[in-house]
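Report on one structure; see the data block that follows.
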Amino acid sequence: MTLTAAPLTGCVTVHGERALIPSVTKAEAGQALERFTEVNNEANKNLDAKLIATVESGPLGAVDGAGLRARNTVAPGGNPDFKALGLGDPRFLIPRQVGWPKWFVADVAPELGGSGTGTNRWLMVFERGGAREAWRVSYVASVRASAVPEFTRDAQGYVEPVAAEGSGLVVDPGELGGAYTGYLAKGDAKDASVFAPGSSTSELVTSRAKNARTAQSATQYADQPATEGDFAPLGLRTKDGGALVFFATHHTAKITMLRPGVTPQVDTYTRALMTGTPKQSVTLGRVARQTVLVPAEKDGGGQVVFLTRTVGLVAARGE
């Protein structure tokens, strides 16, 4: 992106790859939101994974792309129950940034089929890797309106992005994925002190332990952080000194049936994504996107609180 000013001494060009400038103008952000809404509706109506890839990337694009491929296999004629998505009352959270990629957040009110979806707001992260690239959405979080925090803003109203390292938070955004997947794998007291208890943390660890072995099956779990490219974590500084952070993780579950001759049961959409034949086991690959509040490290810090966690199937293998 290039911005040009014309002072009395002549023209000066400000380059987005070297100068600290807003990641986008409000007008451009509005256009990106309109384009996303239009293409998203067309892609979901026709179950077109290639089309959705033009407006989505990262963890959102991985899950939605796989979902549309599976649904298109099951219903190649399109979605007969399609309801158009509307995104109203946009409030743009625009940071100043140097270099690429650049990103911003749209805080919007979703409507489905002409009706509101309640009191929730959608926080949508738009990213692009260069001035010639289109904006694509990598994260969407559905958050109660009352839970959307107040953000730190400068005199011009621009929000403050949080660095991946050296953030002054109890966990740096760049380390969140590793800390979280380590917690899921171990669930010990040290890890538990970092994350507040809840459905995405303590309850998930308990559920996994309960389902790891039953009379019918054994399940092995493997988790990895996702930190590269458009899967990288992103955060905005909040007024209390903490941050709202978006981050992604990869999760694999291998389910093996214990009794000879008993095959794993999979639904139609999972089978549409599956390679191999599920004779005794099935391995499910999922991508999760998380939205959390991370407190500042000063004054004793606190625990990471999950606002949302959304998990989607991206691959399946039968053996």
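Looking at this structure, is Gly88 more than 18 Å from Thr308 (Cα to Cα) and without any contact (Cβ under 8 Å) to a residue 24 or more places away in the chain? Against the criterion (more than 18 Å from Thr308 (Cα to Cα) and without any contact (Cβ under 8 Å) to a residue 24 or more places away in the chain), Gly88 qualifies.
Taking each residue of segment 201-225 that is under 11 Å from Lys186 (Cα atoms) and free of Cβ contacts under 8 Å to residues at least 24 places away in the same chain and looking for partners that are part of a helix (DSSP H, G or I) and not aliphatic (A, V, I, L, M) with beta-carbon atoms closer than 6 Å, six or more apart or interchain, yields nothing. Considering segment 255-292 alone, what residues qualify as being without any contact (Cβ under 8 Å) to a residue 60 or more places away in the chain, hydroxyl-bearing (Ser, Thr, Tyr) and open to solvent by less than 20 Å² (accessible area, probe 1.4 Å)? The answer is Ser281, Thr283. Of the strands (runs of 3 or more DSSP E) contained entirely in segment 232-319, those carrying at least 2 residues that are under 17 Å from Ala222 (Cα atoms) fall at 243-257, 281-294, 305-318. Taking every residue in segment 71-83 that is within 15 Å of Asn40 (Cβ to Cβ) and pairing it with any residue that is hydroxyl-bearing (Ser, Thr, Tyr) and open to solvent by 100 Å² or more (accessible area, probe 1.4 Å), at least 6 positions away or on another chain, the pairs with Cβ-Cβ distances below 7 Å are Arg71/Tyr269. Scanning segment 90-126 for residues that are farther than 17 Å from Ala32 by Cα and surrounded by 12 or more Cβ atoms within 10 Å (Cβ to Cβ) gives Arg96, Gln97, Val98, Trp100, Glu111, Gly116, Thr117, Asn120, Arg121. Taken together, Lys239, Lys190 contain a single residue that is open to solvent by 20 Å² or more (accessible area, probe 1.4 Å) and either modelled with pLDDT under 95 or within 15 Å of the chain's Cα centre (by Cα) (or both), which is Lys190. Glu297 meets each of the listed conditions (1) buried (at least 19 other Cβ atoms within 10 Å of the Cβ); (2) more than 27 Å from Pro76 (Cα to Cα) apart from (1). Within segment 202-228, the residues that satisfy the criterion of being closer than 25 Å to Gly166 by Cβ and modelled with pLDDT of 95 or more are Gln224, Pro225, Ala226.
One residue stands out among those in segment 127-161 that are closer than 19 Å to Gly30 by Cβ, surrounded by fewer than 15 Cβ atoms within 10 Å (Cβ to Cβ) and not charged (D, E, K, R): the one that is nearest to the chain's Cα centre (by Cα), which is Ala134. Checked against (1) open to solvent by less than 40 Å² (accessible area, probe 1.4 Å); (2) not in a strand (DSSP E or B), Asp223 meets all criteria but (2). Just to be sure before I move on: is Thr310 under 21 Å from the mean Cα position of the chain (by Cα), within 16 Å of Thr252 (Cα to Cα) and surrounded by fewer than 19 Cβ atoms within 10 Å (Cβ to Cβ) in the structure I sent? It is true that Thr310 is under 21 Å from the mean Cα position of the chain (by Cα), within 16 Å of Thr252 (Cα to Cα) and surrounded by fewer than 19 Cβ atoms within 10 Å (Cβ to Cβ). Of the residues making up segment 91-108, just one is farther than 17 Å from Pro149 by Cβ and either of a type in the set (Gly, Ala, Ser) or free of Cβ contacts under 8 Å to residues at least 12 places away in the same chain (or both), namely Gly99. Applying the set (1) surrounded by 22 or more Cβ atoms within 10 Å (Cβ to Cβ); (2) assigned to a loop (DSSP other than H, G, I, E, B); (3) of a type in the set (S, T, N, Q) to Ser199 leaves exactly one unmet item: (1).
The values are calculated or read from the model by the stated rules, or taken from the named source; none is laboratory data. Please read these numbers as outputs of a predicted model, since none were measured by experiment. A quick note on method: Cβ atoms are made from the backbone with ideal geometry, for glycine too, and the neighbour counts reach across all protein chains shown. Note: areas computed on protein heavy atoms with side chains; ligands, DNA, RNA excluded. Shrake-Rupley method; radii C 1.70, N 1.55, O 1.52, S 1.80 Å.
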